[in-house]
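K.L.:
Quick one: this structure, given as structure tokens, is what I'll be asking you about.
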Amino acid sequence: MLEIKENKIIQTIGDQKKEWSIQELLEIPDPLSGEPLELRNAAMFKVVEMAEVLYNELSKTALLRYDFWKQFNPDRIVEQKFQYTTKVTLTYQWELMIDSKGLHYKDISGDYTPQLGAITDQLFSDFWFYGPSLPIPELFLRKQLVTIIRNAFMQAGSPASYKHFELFEYPTIGDLTHHWVNGDHKVSDFIFIRDYGIEIGATNWHDGLVYLKFLSFEHFLTVPSSENSIITPEIRVEIEALLQRKATYKKLEDITHPEINAVSKRLFMDNAGQVQYIHLHGFGEDYKASYSEEAAWRAELIDQYIHRLSVEENEFTILHIVKNLELNGVKNIGELIFKAAKNATPKGRQTLSKILFDQYDAENGAEALISLLEYERYTDYWRDYVFKSMFKMRNNKNVQHFIIEKLKGDHKIHFEKSVDVLRAWNYRGDEDQLDRNLLNELNWDDATAHDPNFRSALDKTIKIIQKK
């Protein structure tokens, strides 16, 4: 049961009571655990209202959680279910459901729960900042869940909207060499590293397995460990080396310091570093920032925008980010877009390649476009999109080189799509050079039969392509 007071929430479970301050609710992982997700969500939205008067007293950690719940709209989450497996010796079945209440892990095989099919809930913000609480082996699914939650933010680019846990490929363990045991044959604790996370448990001579808990790699890296954790500093170093990542968590006492001049920073960031708009909107009296503070905030703001280039997908949003980068004095926009495209989602890369081609660097834009072919194994859409986009890229050197390579290559579909591109170029003005008779001689059967007429037609076509 939850009771909301003026500046705190009182949680009662059985005969136990706990008073949560606003700061605790916004700083401690898994707040109000033990309550139904629906009540916890409602409480966190109430916390946002209560935190307004304490804004200048909130830490950086608290401000991010405040922003998450201020911008997040769970009604935008459409229920979806995902099935997957984990495997050690046996294969275990899992189902994950995400809906407007949160994330729900169904342990179908009873791997980490005492009964088959038990469901464990996770708060949206806990997943967002700390990662999955139970196994999600595939990076693709973790990315998909992040996208689903990000799309439920009311304001694209708010501080919390890009501060989710790190998305990375898990290392392949493959054997049982990565494990630690502490104790003897009577009582012992153990840690095993699996392909999908960390198992922590204990055994004794009487009962055998006493308990078995799961710790995701993300939780290991982001959630402060308790002082009595069996993961010692020495073991932690070994696991970090295995993951090739250093833990990013901080001790609780290190995350509770209030953010300095938080109100002014909020105004600066909300107005994209354009101080004149703070005064224009009537908040000039509330804004008190030094030049050094503005310089630090601007650097942080630019870093945020650069990061968002690789995670956003909407063209209007990305163009807005690009405009704000320019307003904040960033010059190498084309280079930043090209770099972001390499780490973007397929949809994001599609958008970035178009902006890059149209406005900044057509050659790099074409390279980013061609790289979308790595996704053709999932769907024909990306292959069709890449080749059709080239219909309007006759003068692009990267495209010319690509088409020539495909005409000379051993990929039938790419060969035929490349001929379609040449036909489009013919229609769009190259009819005197790339005439229909010549193009008709470029067929796959003759290419694979090593027909000399095909070789002659190909050589002539290549020379024509390279003329422009």
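What follows draws every value from the coordinates through simple rules; no lab data is involved. Computed from a predicted structure; not experimentally measured. Glycine gets a Cβ as well: all are built from the backbone with ideal geometry, and neighbour counts include every protein chain shown.
K.L.:
Of all beta bridges DSSP finds with both residues in the chain, what is the antiparallel percent, to the nearest 5?
P.N.:
Antiparallel bridges make up about 100 percent of those DSSP assigns within the chain.
K.L.:
Want the number for PHE391 to MET1: 0.36 nm per residue separation, take away the alpha-carbon distance, what's left?
P.N.:
So the extension gain works out to 134.1 nm.
K.L.:
Between ASP451 and LEU319, what is the label-to-label distance in nm when each label sits 7 Å out along the Cα-to-Cβ direction?
P.N.:
4.6
K.L.:
What is the log10 of I(q)/I(0) for segment 89-188, computed with the Debye formula using one identical point scatterer on each Cα and no solvent, at q = 0.17, 0.21, 0.23 Å⁻¹?
P.N.:
-0.92, -1.17, -1.27
K.L.:
Roughly what angle does helix 380-389 make with the longest principal axis of the chain, taking Cα atoms, 0 to 90 degrees, to the nearest 10?
P.N.:
Value to nearest ten degrees: 50.
K.L.:
If you don't mind, another one. So, with +1 on the Cβ of K and R and -1 on the Cβ of D and E, and no other charges, what is the size of the charge dipole of the chain about its Cα centre, to the nearest 20 debye?
P.N.:
Computed charge dipole of the chain: roughly 1280 debye.
K.L.:
Output the direction-averaged projected area (hull surface divided by four) of the convex hull of the alpha-carbon atoms of segment 387-468, in nm².
P.N.:
Over all viewing directions, segment 387-468 projects a mean Cα-hull area of 4.6 nm².
K.L.:
If one takes the longest principal axis of the Cα atoms in the chain, at what angle in degrees, from 0 to 90 and to the nearest 10, does the Cα axis of helix 37-51 lie?
P.N.:
90
K.L.:
Test of understanding: what is the full-extension gain from LYS81 to HIS279, defined as 0.36 nm times their sequence separation minus their Cα-Cα distance?
P.N.:
This chain segment gains 66.5 nm when fully extended.
K.L.:
Please list 181-188, 29-36 highest first by mean number of surrounding beta-carbon atoms within 10 Å per residue.
P.N.:
Ranked by mean Cβ neighbours within 10 Å, highest first: 29-36, 181-188.
K.L.:
Which of the chymotrypsin sites (Phe, Trp or Tyr not before Pro) found in segment 255-304 are in a DSSP loop and have at most 16 neighbouring Cβ atoms, other than their own, within 10 Å?
P.N.:
Listed in order of number, the matching sites are PHE283.
K.L.:
Of all beta bridges DSSP finds with both residues in segment 1-113, what is the antiparallel percent, to the nearest 5?
P.N.:
In segment 1-113, approximately 100 percent of DSSP beta bridges are antiparallel ones.
K.L.:
Of the listed values (i) 118, 58, 33; (ii) 101, 45, 44; (iii) 88, 67, 39, grab the one calculated as Cα extents along the principal axes in Å from the structure here.
P.N.:
(iii)
K.L.:
What whole number of Å gives the distance from the Cα centroid of segment 126-162 to the Cα centroid of segment 185-225?
P.N.:
Here the two parts' Cα centres lie 26 Å apart.
K.L.:
Just need the relative contact order of the chain here, percent rounded to a whole number, with Cα pairs under 8 Å and 6+ apart.
P.N.:
8
K.L.:
Which value at 222 nm does the chain reach when only helices count, each DSSP H run of 4 or more adding -39,500 (n - 2.57), with the total divided by all residues and rounded to the nearest 500 deg cm²/dmol?
P.N.:
Rounded to the nearest 500, the figure is -13500 deg cm²/dmol.
K.L.:
Using a 7 Å offset from the Cα along the Cα-to-Cβ direction at both LEU141 and ASP410, what is the distance between the two label points in nm, to one decimal?
P.N.:
3.7
K.L.:
Okay, moving on. If you put +1 on each Lys and Arg Cβ and -1 on each Asp and Glu Cβ, how big is the dipole of segment 392-468 around its Cα centre, in Debye rounded to 20?
P.N.:
With Lys and Arg at +1 and Asp and Glu at -1, about 480 debye.
K.L.:
Further question: Around GLN274, with a cut-off of 12 angstrom between Cβ atoms, what is the net charge of the other residues, counting Lys and Arg +1 and Asp and Glu -1?
P.N.:
Computed value for this residue: -1.
K.L.:
In segment 325-432, which GluC sites (Glu not before Pro) are in a loop and have at most 13 other Cβ atoms within 10 Å, using DSSP for the loop call?
P.N.:
Here the sparse-neighbourhood loop sites are GLU431.
K.L.:
Summing +1 for each Lys or Arg and -1 for each Asp or Glu, what net charge is found among the other residues whose Cβ lies under 13 Å from the Cβ of PHE165?
P.N.:
In short, +2.
K.L.:
Between ILE13 and SER292, with labels modelled 7 Å along Cα→Cβ, what's the label distance in nm to one decimal, could you check?
P.N.:
Those two pseudo-labels are separated by 4.6 nm.
K.L.:
So, by mean Cβ neighbours within 10 angstrom, what's the order for 134-141, 164-171 with the highest one leading?
P.N.:
134-141, 164-171
K.L.:
At a Förster distance of 60 Å, what's the computed FRET efficiency of ASN440 paired with LYS186, Cβ-Cβ distance as r, to 0.05?
P.N.:
Calculated transfer efficiency: 0.10.
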